[in-house]
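All remarks here apply to the structure that follows.
The values are calculated or read from the model by the stated rules, or taken from the named source; none is laboratory data. Keep in mind that this is a model prediction, so the values were computed, not measured. Cβ sites come from the backbone with ideal geometry, for glycine too, and all protein chains shown count toward neighbours. Ligands, DNA and RNA are excluded from the accessible area calculation, which covers all protein heavy atoms including side chains. Shrake-Rupley method; radii C 1.70, N 1.55, O 1.52, S 1.80 Å.
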Amino acid sequence: MVKSKKRSIISLVVIILITAGLIYTVLCGIGGKFKAKDIRLGLDLRGGASITYEVKGKATEQEIADTMEKLDLRVQAYTKEATVQKEGTKRISVNIPGVTDETEVFKELSQPGQVEFKLEGSDEVLLNGDDIDDAQAVTSQEQTSAGSYMVSLKFTQKGGEKFAKITTDNTGKVLETYYGGEKVSSATINEPITGGEAQISGNFTYDEADKLATYIRIGAMPVQLETLRSTAVGAQLGSEALSTSLVAAAIGIAIVMLFMIIVYRVPGFASSLALALYVALMVFLLNVLEVTLTLPGIAGIILSIGMAVDANCIIFTRIKEEIVAGKQVKNAISGGFEKAFSAILDGNVTTLVAAIVLGTLGSGTIKGFAQTLGLGIVLSMFTALVITKSIIWALYHMGLNKEGMFSSKFSLPVVNFVRNKKVYYVISLVLIVVGFIGMGLSKKESGEIFAYGLDFRGGTQMEISFDKYGKLPSNKEIEDLFKDTAKLAVQVSPIKGEKSAIVAMRDLSKDIETKEAIEKALKKEYKVRDKDIQEETISGTVSDEMKKDSVVAVTVATIAMLIYIFIRFRTFSFAIGSVLPLLHDVLVVLGFYAISQITVGNTFIACMLTIVGYSINATIVIFDRIRETMIGAKTREDKANVVNKAISSTLTRSINTSLTTFIMVAALYIMGVQSMKDFTLPLMIGIICGAYSSVCLGGTLWFLLDNKFGSGDDSKYVKKTESNKDKVLV
């Protein structure tokens with residue numbers, strides 16, 4: 001006993017020290033690294049340059065992969081936060097957050113051409129990019145001046161043989177390097193070079209040598225690329241709005257901690273400390289693993305935090321049940337964690353399976369969501385099953401071990417959910433039908449079911465110069481002008497170093513009246529002239545191929561979840577019963593999107609995936625209770641009692657988990673800018689809908705499926721269930 005007490009207290013001290021150290025690290029950093037503000041931010045949070053290429057002609061998967069690798073080497077010269085992603089089968093998207101001069105980036109990357117080597121005065125190409133394996137800027141051995149760098153070349157085996165012959169036959173002549181048809185360097189061949197490596201010297205500075213090396217690397221790509229679009233992307237959250245969102249997140253988490261302490265007492269305090277460690281560890285690992293954080297990534301974090309809180313709620317409910325059953329607190333703690341394990345494992349693993357599939361098959365938005373969700377799930381299981389457990393035992397051994405500190409004996413009667421199942425189904429059917437009606441009305445009124453954003457359908461882009469006005473108006477001022485003049489929602493991207501901005505909006509190519517109204521307002525308000533407005537039509541960044549990839553990824557992820565649930569629960573009634581509530585939630589939220597006309601942008605997919613993950617986890621918790629208590633339940637009456645008790649006994653957990661997740665999202669909605677509101681409002685609807693479907697639909701659907709789709713007369717057991725005197729813990 002003494003040893004256990006000593007170990008527990010030491011564990012608590014270690015956890016507190018680690019938590020404090022991580023919080024200090026993410027706030028202040030270590031050696032200038034690992035601070036929260038150093039997390040790599042994606043384009044939607046930071047802004048920058050975005051370029052989409054299409055592979056010309058036929059290309060193998062390996063050639064495209066090699067091309068992406070070389071493009072990645074090129075763009076890393078701008079920032080280590082740049083990303084290169086494949087879209088569909090033949091498109092490559094390059095995102096470079098935070099660049100200071102988008103115009104220069106577009107110029108340098110507009111048409112990545114082949115690198116070629118020719119003798120001075122000759123048009124004959126002696127070597128090209130296919131012969132180059134690598135090129136790097138290195139320090140010159142001469143070190144004679146400030147320009148003390150050169151480019152080190154490494155040839156392929158075939159290229160090395162070619163270069164050896166060229167230098168042997170042309171010693172004393174000048175070899176010139178061309179990139180995209182333009183000469184970028186020239187060097188004298190001093191002697192035959194036969195080792196498969198060479199250096200280009202020319203009194204370069206490091207920047208000059210590095211630039212030439214990257215030209216050569218990108219020019220060695222195995223395929224030719226055509227630029228489909230190049231866009232200066234404005235951050236959906238400006239720096240001030242991002243700071244506000246972080247404050248909102250902190251407030252939301254603090255409220256959740258306070259709620260857990262009030263509701264669950266000592267265990268709630270333990271979970272709050274574990275949650276603090278979870279958040280600090282998540283931020284730290286985002287830095288260490290160099291994960292690029294995007295709005296969809298934030299969705300993954302929100303879902304994983306919700307699952308972390310949910311795991312604790314499951315454990316604490318089990319502990320209370322053990323105490324009410326007459327067990328001592330010590331045994332109740334052990335039993336609570338033991339009985340909660342299967343529900344936590346199945347809920348988290350099911351979602352983790354989906355995250356792995358989405359991360360493997362998805363692209364862009366889906367990958368960002370899957371990365372943070374997968375990381376968050378692993379951390380949530382660790383903090384709930386290891387950290388929270390260690391803290392509770394430490395507090396127990398420190399004297400916080402009275403029953404009243406762990407549970408209340410207030411209870412409620414079992415609710416007859418099975419009897420009311422038809423009411424729930426009617427409510428759900430009405431919600432879905434209203435959603436479809438809303439979709440039809442939206443289609444009739446605007447020609448489209450949803451209010452698709454620029455990410456999906458493209459639109460019109462204006463580059464506006466405010467030189468004559470003398471300064472660049474704020475993003476909000478420009479947004480307000482377009483909203484007041486033409487009721488247009490726009491995305492504003494200031495061009496750094498200039499008094500100009502790029503404004504993207506819905507397609508105005510055929511809406512001459514609106515364009516004229518906008519131009520008139522710009523002239524009146526900001527003295528903008530006709531020549532100061534350059535207009536072009538842009539295509540959506542979410543291509544048809546990306547949409548197809550998303551559908552495939554989500555479909556495969558759903559199938560994978562079904563397979564896991566079937567393996568764990570061993571019947572199709574559980575598997576199908578978990579997916580039907582999920583489908584219900586998706587349809588209801590889609591209806592909400594149509595009726596509210598909230599913009600469907602690149603965060604839409606992440607929002608729907610979050611709702612799916614939340615819904616499936618909530619349903620599995622109830623199914624775990626059904627699985628635990630269904631042994632021996634043979635008749636329909638027995639099964640009805642099992643379902644009613646399972647849902648009732650997890651009702652408090654369902655409410656508390658939904659409420660805490662809702663609080664976090666609501667804080668972001670209240671304090672966030674419009675793009676954050678468009679992101680979080682559907683999430684809040686999804687959380688409410690997920691709570692309803694898991695409680696009212698999941699278990700009752702299992703009941704129907706397990707009884708061959710509801711055959712038989714239910715009346716004979718309804719009254720008996722109604723008079724059931726069993727109580728369940730609140």
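Okay, here's what the table says:
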| quantity | calculated |
| --- | --- |
| Loop-located trypsin sites (Lys or Arg not before Pro) in region 39-71 whose Cβ has at most 15 other Cβ within 10 Å (DSSP) | Lys56, Lys58 |
| Sulfur and carbon atoms: percent of accessible area, the chain [1.4 Å] | 58 |
| Spatially proximal lysines relative to Lys70 (Cα-Cα < 22 Å; intrachain offsets below 8 disregarded) | Lys56, Lys58, Lys80, Lys86, Lys90, Lys107, Lys154, Lys158, Lys183, Lys211, Lys367 |
| Sorted peptide list for 614-622, 559-567, criterion being average Cβ within 10 angstrom, highest first | 614-622, 559-567 |
| Computed E for Glu161/Thr89 - FRET, C-beta separation, R0 45 angstrom, nearest 0.05 | 0.85 |
| Ranked packing of 186-196, 284-294, most packed first, by mean Cβ within 10 Å | 284-294, 186-196 |
| Prolate/oblate/rounded label for the chain (Cα gyration tensor, a/c 1.5) | prolate |
| Amide H within-cut-off set for Phe204, under 5 Å, with H built and near neighbours excluded | Tyr149 |
| Average accessible area per residue (Å²) across the chain - probe 1.4 Å, nucleic acids and ligands excluded | 45 |
| Nearest-20 debye value, the chain charge dipole, Cβ charges on Lys, Arg, Asp, Glu | 4560 |
| Chain lengthening between Glu61 and Glu516 when straightened (0.36 nm per residue, less Cα-Cα) | 159.1 nm |
| Average Cα contact separation per residue, the chain, under 8 Å, 6 or more apart, as relative contact order % | 16 |
| Sequence-distant residues sharing a close amide H with Leu127 (under 5 Å, placed H) | Phe117 |
| Filtered trypsin sites (Lys or Arg not before Pro), region 592-663: DSSP coil and at most 16 other beta carbons within 10 Å | Lys634 |
| Region 501-625, relative contact order in percent, only Cα pairs under 8 angstrom and at least six apart counted | 17 |
| Estimated [θ] at 222 nm from DSSP helical runs (n ≥ 4, -39500 (n - 2.57)) normalised by residues in the chain, nearest 500 | -19500 deg cm²/dmol |
